[in-house]
Amino acid sequence: MGHTPYGYLIENGKAIIDEAAATQVRELYKNYLSGLSLTNAAKEAGLDLLHSGAKRMMRNSHYLGDDFYPAIIDKESFDAVEAELSKRSTKLGRNDLYNASKAKRPPTAFRLGDITENYDNPIRQAEYLYSLIESEVI
């Protein structure tokens, strides 16, 4: 295990809730849902986080509880924060995800036209043969 999420302690190989930190996590969710910005919601909860850290913390699904971590946040609050993040992001025009254009694949099927001329010069003959190559559209 690499990192223990804020709000938990590991004792005897088990994750337990650190009530003081868990209270701050709950406050972060509550503050954000009350209309504060990510940074201000964290500040009001007593957490020194930038907006990206607060957002990452609120999207941590461990707070819902799983096989190892006990739940700190209820599903309704977690889902409400996700909906609010999406709503605010859309309102600010930040939901336009980058869509890379599909890479153009070079043709792989070719046809050689009828050879009607022969040149003594090998370079000239190669130029002529290459000019007869037609790619097939796939």
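Observations, loosely collected:
- Looking only at region 113-138, and only at residues there that are without any contact (Cβ under 8 Å) to a residue 12 or more places away in the chain and among the small types (G, A, S), the one that is surrounded by the fewest Cβ atoms within 10 Å (Cβ to Cβ): S131
- Any hit, region 91-101, residues being within 47 Å of the chain's Cα centre (by Cα), within 30 Å of L64 (Cβ to Cβ), outside any loop (DSSP other than H, G, I, E, B) and not acidic (D, E): yes
- Test: residue in region 101-109 that is closer than 30 Å to L9 by Cα and surrounded by 10 or more Cβ atoms within 10 Å (Cβ to Cβ): no
- Candidate set from region 82-100 (those that are open to solvent by less than 60 Å² (accessible area, probe 1.4 Å) and of a type outside the set (A, V, I, L, M, F, W, C)); member that is farthest from N40 (Cα to Cα): G93
- Some residue of region 65-72 being among the aliphatic types (A, V, I, L, M) and more than 30 Å from I10 (Cβ to Cβ): no
- Helices (runs of 4 or more DSSP H) wholly inside region 15-81 that include at least 1 residues being open to solvent by 50 Å² or more (accessible area, probe 1.4 Å) and of a type in the set (D, E): 19-33, 38-44
The values are calculated or read from the model by the stated rules, or taken from the named source; none is laboratory data. A quick note: this is a predicted structure, and the numbers were derived from the prediction, not measured. Quick reminder, even Gly has a Cβ in these numbers, built from the backbone with ideal geometry, and neighbours come from all protein chains shown. When the accessible area is computed, the model is the full protein with side chains, heavy atoms only, and any ligands, DNA or RNA have been set aside. Shrake-Rupley method; radii C 1.70, N 1.55, O 1.52, S 1.80 Å.
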